[in-house]
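Please read the structure below before turning to the comments.
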């Protein structure tokens, strides 16, 4: 069976600020994510991926998102890493499949696997901004922090929702960080921007 091409994140990346995975590297990371999700959902042996590719051994953040026919089924990630990217993708895939608290009462089942889509977001370093409205919708993700409260949105959320810059920031504050909707305007609130190389494929075609 011919495999459909890896689906890139449309205009979700800024090549001046991050490393872009080539097709072979994307395939490798998607395979790692697929094999990990399958193992943890079915009770199989969880893979321990390794690679000689310098890009796959880079220490950078990532998110792994799982969807079923457009419905979110898990999304976990982190912005920094103390391990190679290929290992972090496996860790985040496992967390997304079994550790997202939003789905503890309705976990992914083995029969559901063939219906899943896997999306990986490889992140650039966070960059703090004093001008949150300088963000580029569909290009920049946001991480907002005040005290112990924090929340984030991946770049593609703005494109998927059609929000304005103000809505993007306000929804993150109110619904992700648990802050007042206008907290991003407060000088004491830290707002960070980052970009992501976003790519994915259907579970059954990886």
Given the Cα-Cα distance of residue 106 and residue 127 and 0.36 nm per residue of separation, how much length would full extension add, in nm?
4.0 nm
Label-point separation, residue 190 to residue 69 (7 Å along Cα→Cβ), nm:
4.2 nm
Please work out the FRET efficiency for the pair residue 161 and residue 52, using the Cβ-Cβ distance as r and a Förster radius of 35 Å; give the result to the nearest 0.05.
0.30
Could you tell me the distance between the Cα centroids of segment 133-180 and segment 83-123, to the nearest Å?
22 Å
Is segment 31-131 best put as rounded, prolate or oblate by its Cα gyration tensor, with a ≥ b ≥ c the root eigenvalues, rounded for a/c under 1.5, and otherwise prolate when a/b is larger than b/c, oblate when not?
oblate
Could you order the peptides 166-173, 109-116 from most to least packed, using the average number of other C-beta atoms within 10 Å per residue?
166-173, 109-116
Across 74, 178, 147, the residue with the highest GNM fluctuation in the chain (Cα network, 10 Å cutoff) is 147
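Only the coordinates and a few stated rules stand behind these numbers; no lab work does. Given the structure is predicted, the values throughout are model-derived calculations rather than measurements. Cβ coordinates were reconstructed from backbone atoms using ideal geometry, including for glycine residues, and neighbour counts include every protein chain displayed.
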